[in-house]
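Visitor: Got a structure here, written out as C-alpha cells. Questions coming.
The values are calculated or read from the model by the stated rules, or taken from the named source; none is laboratory data. Values in this document were obtained by computation on a predicted structure and should not be read as measured data. Methodologically, a virtual Cβ is constructed for each residue, glycine included, from the backbone with ideal geometry; neighbour enumeration extends over all protein chains shown.
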Amino acid sequence: MSDGPLPTFILIGAMKCGTTSLHHYLDAHPQICGSEPKEPDFFLRRSEKDLAWYRQCFQEPAQAYGEASTNYTKYPAFQGVPERMHRVLPDLKLLYLVRDPIERAVSHYAHNRAAGRESRSVDEAFRPVDDNHYLQTSCYHFQLSQYLEHYSKERVLVIESERLRADRGQVLREIFSFLGVDTAVEAPAFEKEYHTTSGKLKPGVSTFLQETQLGRRLTSAGRALLPQALLERGLEMFRTDAERPSLSKPTREQMRACFRKDVGRLRTLTGKDFDSWSI
C-alpha cells in the first residue's frame, strides 16, 4: 500500500498531558483518521519499518490524518526527530498539548514508577535539575524550539491540557479549525477522559500492551473485534489506582526555578497566559 495516506498533522506530545484522550477525540471526528497504533514512533528510527508500513497505520478514508507519539518531544533523549519529520512531511501541522510543568513531571515519574522503570523517590528522581529527563520533557519551549527550526510558527498549535479538560468543546473547535475540518461536529467520545491517574492499568500490564509487539497486536485485535464498552469492562480486572507522590517543598521550589525561564518564553511565543499553572 505504498500509495496510502501520510499524516497531515501529528500530536507531538507532551507525555502525561492527555494525549490519549485527545487522540480519541480527534479519531471520533468523521473527517479525521487517527493512526493505529496511536504511537507509531516512526520518526524515532528505532526500527527498520519503512514508509509503506507507516502508511498502513492510516486505514480509513479521511480529510485529515494524524498520529500521536509523545516520544517526539523528549529531546535530547531522542534526537533528529523534527529533521526526519520535515523531510517526509514538509507541510505538516503540529499539535502540542502542554500541562503545568511540575504536575506533568510528577505524573511522568508516577508512570515510570508503576511500570517498574523507576525505583528512586520522587525527590531523588528530580535532582539534580540539570540534564534531568523528567524536567527536560516539561520544558515545552525548549522542546518546541527543535521543531521551529523546520516548521513555521503558523503550523504549530499549542493546547493547554487544563483548558481541554475545563472547556473541551471550545478547545476542540479551535483544534478542528486549525486542522481544516468541520468545527460543528459532536460525538459521545468527546465526553470521556482516557487513561486518567485513577484506574490505570496495573504495573506490567500497560507495558506489555503498549510496548511489546504481541501486546499491541492483542490490543488492535480487541479494538477491531469487541465493542468499546465490552473491551473496557474486560480491562477493569487489570486496573488499579495509581499512588500520587508528594514533592518536598525544597524540590518543588527548585523545579519552579528551573521552569520559570522556559515558561516565560512559551508565554511570549504563544501569547497564552497559562494562568492555571503554578509557575
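Visitor: Could you grab me the full set of residues in region 45-70 that are surrounded by 18 or more Cβ atoms within 10 Å (Cβ to Cβ) and touching a helix residue (DSSP H, G or I) at 6+ places or on another chain (Cβ under 7 Å)?
Guide: 54, 64, 66, 68, 70
Visitor: Are there any helices (runs of 4 or more DSSP H) wholly within region 1-90 with 2 or more residues that are over 18 Å from the mean Cα position of the chain (by Cα) and not hydroxyl-bearing (Ser, Thr, Tyr), and if so which? Talk me through it step by step, then tell me what you get.
Guide: On the way: elements: 19-28, 51-55, 81-88.
In region 1-90, the matching helices (runs of 4 or more DSSP H) lie at 51-55, 81-88.
Visitor: Select from region 53-88 the residues that are touching a Pro at 6+ places or on another chain (Cβ under 7 Å) and of a type in the set (A, V, I, L, M, F, W, C) and list them in ascending order.
Guide: Passing the criteria: 57, 58.
Visitor: I've got another one for you. Are there any pairs with C-beta distances below 9 angstrom linking a residue in region 52-68 that is of a type in the set (Lys, Arg) to a residue that is in a loop (DSSP other than H, G, I, E, B), with the two at least 6 apart or on different chains, and if so which?
Guide: Close Cβ pairs satisfying both conditions: 55/1; 55/2; 55/3; 55/4; 55/5; 55/6.
Visitor: Which one of the conditions (1) out of contact with any Lys or Arg (no Cβ under 9 Å at 6 or more places or on another chain); (2) free of Cβ contacts under 8 Å to residues at least 40 places away in the same chain; (3) surrounded by 16 or more Cβ atoms within 10 Å (Cβ to Cβ) does residue 42 fail to meet, given that it meets all the rest?
Guide: (1)
Visitor: Which one of these does residue 31 not meet: (1) surrounded by 14 or more Cβ atoms within 10 Å (Cβ to Cβ); (2) without any contact (Cβ under 8 Å) to a residue 12 or more places away in the chain?
Guide: Every condition holds for residue 31 apart from (2).
Visitor: Could you tell me which of the residues 148, 94 is modelled with pLDDT of 95 or more, surrounded by fewer than 19 Cβ atoms within 10 Å (Cβ to Cβ), of a type in the set (A, V, I, L, M, F, W, C) and within 19 Å of the chain's Cα centre (by Cα)?
Guide: None of the other options fit; the residue is 148.
Visitor: How many of the residues in region 262-275 are of a type outside the set (Phe, Trp, Tyr) and surrounded by 13 or more Cβ atoms within 10 Å (Cβ to Cβ)?
Guide: 8
Visitor: Shifting gears a bit: Pick out, from region 132-175, the helices (runs of 4 or more DSSP H) lying fully within it that include 2 or more residues that are among the aromatic types (Phe, Trp, Tyr) and under 17 Å from residue 274 (Cα atoms).
Guide: 140-148
Visitor: How many residues, within region 166-182, are over 19 Å from residue 92 (Cα atoms), in contact (Cβ under 8 Å) with a residue 12 or more places away in the chain and exposed (fewer than 14 other Cβ atoms within 10 Å of the Cβ)?
Guide: 1
Visitor: Whether any residue in region 102-112 is more than 26 Å from residue 171 (Cβ to Cβ), touching a residue at least 40 places away in the same chain (Cβ under 8 Å) and not β-branched (Val, Ile, Thr) is what I want to check.
Guide: Yes: region 102-112 contains one or more residues that are more than 26 Å from residue 171 (Cβ to Cβ), touching a residue at least 40 places away in the same chain (Cβ under 8 Å) and not β-branched (Val, Ile, Thr).
Visitor: Consider region 156-195. How many of its residues are modelled with pLDDT of 95 or more, farther than 23 Å from residue 16 by Cα and among the charged types (D, E, K, R)?
Guide: 1
Visitor: Scan region 1-19 residue by residue and report those that are touching a residue at least 60 places away in the same chain (Cβ under 8 Å) and either farther than 26 Å from residue 187 by Cβ or surrounded by fewer than 18 Cβ atoms within 10 Å (Cβ to Cβ) (or both).
Guide: 6
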